[in-house]
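Take a look at the structure below.
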Amino acid sequence: MLLFLSEYENKVDKTGRVSVPAAFRTQLEETEFKGFVGFPHLELPCIEGWAISRMMRLAAGMDSLPPLSAQYAANSTLMTKSKELAFDPEGRVKLTPKLQEHAGIKTKAIFAGRGQTFQIWEPSRFAEFADQAEAIIQANPDSITLAPPPLGGADG
C-alpha cells in the first residue's frame with residue numbers, strides 16, 4: 001500500500017514541469033505506471049494525485065453503477081478530466097495547462113501527502129487551506145481523535 005506523508009515545495013518551470021518529491025516518486029516508481037494520475041479536485045483548488053491502481057479500482061467499480069446515477073456522473077467526470085503524468089528521466093512530470101489553471105499553479109507547487117493519495121497546490125492557496133483546517137481542528141477538539149480506525153469491519 002502506498003503512503004504519502006508530509007509536504008514539499010518545488011519549482012515549476014515555464015513548460016509546467018515540476019519535480020515530484022523523492023519520497024513520493026520512490027513509491028510510485030514501484031507501481032505498474034511510472035508516474036501518477038492527476039485530476040482537478042472536484043471541490044478544492046488543487047490537483048489530486050493518485051496511483052494508477054487506485055484509478056483502475058474506481059473505473060472497475062463504475063460497471064456496477066447505474067449510468068444515469070449521480071455517482072456514475074461524478075466518476076466519469078473525474079475520469080474525463082484525469083491525465084496520466086509519467087515521470088521523465090529526472091523524476092519530473094509535466095502538468096497540463098488545465099491542471100495548472102485549476103490549481104492556480106505558476107512558479108511553485110506544494111505536494112501535500114494525504115495518506116494513500118496526495119494533492120498539488122499553489123503555495124498561498126495551500127497556506128489558506130491549511131489555516132482553515134487548523135481552525136476547524138481548534139474549534140472541534142473533542143471530536144478529533146488520532147487513533148486509527150479499527151481493523152476489520154465492513155471493508156475488511
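Quick notes on this structure:
- Within the stretch 1-10, considering residues that are outside any loop (DSSP other than H, G, I, E, B) and in contact with a helix residue (DSSP H, G or I) (Cβ under 8 Å, 6 or more places away or on another chain), the one surrounded by the fewest Cβ atoms within 10 Å (Cβ to Cβ): Glu9
- Tally, over the stretch 11-26, of residues that are polar (S, T, N, Q) and either surrounded by fewer than 15 Cβ atoms within 10 Å (Cβ to Cβ) or in contact with a helix residue (DSSP H, G or I) (Cβ under 6 Å, 6 or more places away or on another chain) (or both): 2
- Residue in the stretch 31-53 that is in a helix (DSSP H, G or I), polar (S, T, N, Q) and farther than 18 Å from Arg92 by Cβ present: yes
- Any hit, the stretch 75-86, residues being over 13 Å from the mean Cα position of the chain (by Cα), outside any helix (DSSP H, G or I) and touching a residue at least 24 places away in the same chain (Cβ under 8 Å): yes
- In the set Ser82, Ser6, only one residue is in contact with a Phe, Trp or Tyr (Cβ under 8 Å, 6 or more places away or on another chain), among the polar types (S, T, N, Q) and within 14 Å of Gln119 (Cα to Cα); that residue is Ser82.
- Residue pairs whose Cβ atoms lie under 8 Å apart, sitting 6 or more positions apart in sequence or on different chains, and linking a residue in the stretch 17-34 that is more than 22 Å from Lys108 (Cβ to Cβ) to a partner that is of a type outside the set (Asp, Glu) and in a strand (DSSP E or B), are Gln27/Phe4; Phe33/Ala86; Lys34/Ala86.
- Residues of the stretch 96-108 that turn out to be in contact (Cβ under 8 Å) with a residue 40 or more places away in the chain and under 14 Å from His41 (Cβ atoms), as a count: 7
- Annotation note: of Pro89, Pro67, the sole residue that is outside any helix (DSSP H, G or I), without any contact (Cβ under 8 Å) to a residue 12 or more places away in the chain and within 25 Å of Ala23 (Cα to Cα) is Pro89.
- Single condition Gln119 does not satisfy, out of (1) in a strand (DSSP E or B); (2) without any contact (Cβ under 8 Å) to a residue 60 or more places away in the chain; (3) not aliphatic (A, V, I, L, M): (2)
FYI, it's all coordinate maths here, none of it is from the lab. From a predicted model like this one, the values you see are computed outputs, not experimental measurements. Positions of Cβ are generated from backbone atoms using ideal geometry, with glycine treated the same way; all protein chains shown enter the neighbour counts.
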